[in-house]
Amino acid sequence: MTPVKEKLKVDPIKSGTVIDHITAGKALVIADVLNLNPPENLMMIGVNLHSRKMGAKDILKIENRRLTEDEMNSIALISPTATIIAIKDFVVVEKRHPAIPDTISDKLICPNPNCVTNVEQIPTRFEVVDRDPVSVRCHYCEKKYAIQDVQFKF
Amino acid sequence: MQNLVSMRQVNKDEILRLIDLAAQIEQGKIKPDLSGKLGALLFFEPSTRTLFSFDTAIKRMGGNSIVMAGAGSTSVKKGESLADTLMTINQYADFIVMRHKVEGAARLATEVVDIPVINAGDGTNQHPTQAMLDLYSIFKTQGTLQNLTIAMIGDLRLGRTVHSLAQALSEFNPTFYFASPGHLQMPRYIKDELRAKNVRFEEVEDIKPIIPKLDVMYVTRIQKERFAVLEDYEKVKDAYIITPDVLTRVKDNFVLMHPLPRVNEITTDVDKERYAYYFQQARNGVFMRQAIISQLLQLV
């Protein structure tokens with residue numbers, strides 16, 4: 001499928017956050033993780049848009065929403081290439097490339113059904129063991145997983 | 001060291017220190033005094049051998065134990081959380097030895113109690129005291145852990161012992177041969193770790209050609225209880241059977257190890273051979289567990 005020219009499709013937002021350079025196909029995952037509820041947040045999602053740098057990319061524009069440090073870390077795990085842009089009155093006020101954290105507390109679900117975090121009511125914890133591509137190790141059961149095989153808690 | 005949960009957190013120096021301590025305890029040069037101390041042996045999953053080994057280690061040092069064998073009759077069955085059970089035991093005992101079928105249970109224990117925790121096996125994850133007693137046995141028979149050629153045979157996928165042992169030995173420039181039936185191969189994450197540390201290893205089907213090269217052969221049982229379908233177990237259970245005929249061309253220093261219990265993977269006529277080491281290996285376990293308890297309780 002040929003990527004669609006972005007300019008034709010996505011309007012600017014007045015205030016809020018633009019997440020650009022998302023790995024193609026990951027925008028919906030990010031929207032899920034950010035727990036965006038359409039009635040409260042006007043949101044535009046561009047999927048498989050043309051990008052000179054990346055070939056194809058996704059983009060997310062969210063009105064009236066600033067991201068926390070924690071949320072930016074989660075985005076880095078899903079799409080390490082993402083750029084997070086804060087917008088106020090149509091002007092870019094901040095541009096960030098979120099970093100992959102060393103540890104991830106209570107954001108992921110351990111895929112191992114026999115892990116203690118899936119048996120007892122305790123928060124999960126993962127250590128990032130590889131960064132490109134990202135893989136994580138469960139602090140409890142010590143199993144290692146590629147990030148795409150791990151579900152996020154919503 | 002405050003707890004012993006995973007071999008991942010035991011470095012080369014600590015391994016050698018524990019081996020030295022176990023040797024000194026075995027030789028009677030050090031006599032750790034555990035009198036007045038109480039160890040809680042919490043075996044949520046049944047085990048005779050490991051439980052007895054720990055209990056023997058505790059009693060040899062003059063300590064006492066309280067034992068829970070199987071969770072069937074306890075409050076765990078009534079729906080109590082693991083954390084609550086452990087926090088209660090924390091009020092009674094000086095240290096906890098714990099086996100649990102859930103992976104990560106011992107790690108959780110270290111986060112809810114303030115007394116030392118020893119992992120005696122958590123599901124298919126870790127069994128560090130077994131790895132330590134295996135290392136002690138290898139050291140005793142070979143005089144070193146460095147530059148050895150070791151074959152691991154049997155269930156390498158689900159057998160946690162071989163995972164911990166391979167990880168621990170990878171610090172000592174080993175050469176590994178892995179032989180396992182069908183889908184019971186060494187997991188990829190272990191092989192990735194070995195590759196990352198430049199450890200030489202080869203997966204082989206036929207073990208005959210490698211036997212003259214070996215310093216140690218480590219055989220594990222195909223664990224029936226870890227198969228969901230009995231037919232799958234029947235298909236692979238006899239894949240590698242070690243008899244005296246298999247081991248005719250071995251080196252003088254060669255030893256045959258097994259974590260026990262064995263079923264039929266080593267025939268009983270091997271037991272009388274010079275290289276059959278598995279029962280001494282079990283005996284070494286008591287000295288190593290004495291060393292580990294002494295270290296964690298700072299008795300030495």
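The criterion of at least 2 residues that are outside the structural domain of residue B:223 (by TED's automatic domain parsing) and more than 30 Å from residue B:235 (Cβ to Cβ) is met, among strands (runs of 3 or more DSSP E) falling completely within segment B:98-186, by B:117-122. Of everything in segment A:137-148 that is more than 30 Å from residue B:85 (Cα to Cα) and surrounded by 14 or more Cβ atoms within 10 Å (Cβ to Cβ), the residue that is farthest from the other protein chains (Cβ to nearest Cβ) is A:147.
Give me the residue from segment A:86-97 that is part of a strand (DSSP E or B) and surrounded by fewer than 18 Cβ atoms within 10 Å (Cβ to Cβ) and, out of that set, nearest to the other protein chains (Cβ to nearest Cβ). Restricting to residues being part of a strand (DSSP E or B) and surrounded by fewer than 18 Cβ atoms within 10 Å (Cβ to Cβ), the top hit is A:96. The set of residues in segment B:189-209 being among the β-branched types (Val, Ile, Thr) and surrounded by fewer than 17 Cβ atoms within 10 Å (Cβ to Cβ) consists of B:204 alone.
For segment B:131-139, indicate whether the set of residues that are among the charged types (D, E, K, R), within 14 Å of another protein chain (Cβ to nearest Cβ) and within 30 Å of residue B:206 (Cβ to Cβ) is non-empty.
No, segment B:131-139 contains no residue that is among the charged types (D, E, K, R), within 14 Å of another protein chain (Cβ to nearest Cβ) and within 30 Å of residue B:206 (Cβ to Cβ).
The sole residue among B:227, B:178, B:201 that is free of Cβ contacts under 8 Å to residues at least 24 places away in the same chain and hydrophobic (A, V, I, L, M, F, W, C) is B:227.
Give the residues of segment A:98-134 that are hydrophobic (A, V, I, L, M, F, W, C) and within 11 Å of chain B (Cβ to nearest Cβ), sorted by residue number. A:110, A:115, A:116, A:119, A:122, A:129, listed by residue number. Taking the criterion of being in contact with a Ser or Thr (Cβ under 8 Å, 6 or more places away or on another chain) and modelled with pLDDT under 95, the residues of segment A:121-132 that qualify are A:121, A:129.
The values are calculated or read from the model by the stated rules, or taken from the named source; none is laboratory data. It should be emphasised that the depicted structure is a prediction, and the values quoted were computed from it without experimental measurement. No Cβ is skipped: glycine too gets one built from the backbone with ideal geometry, and neighbour counts run over all protein chains shown.
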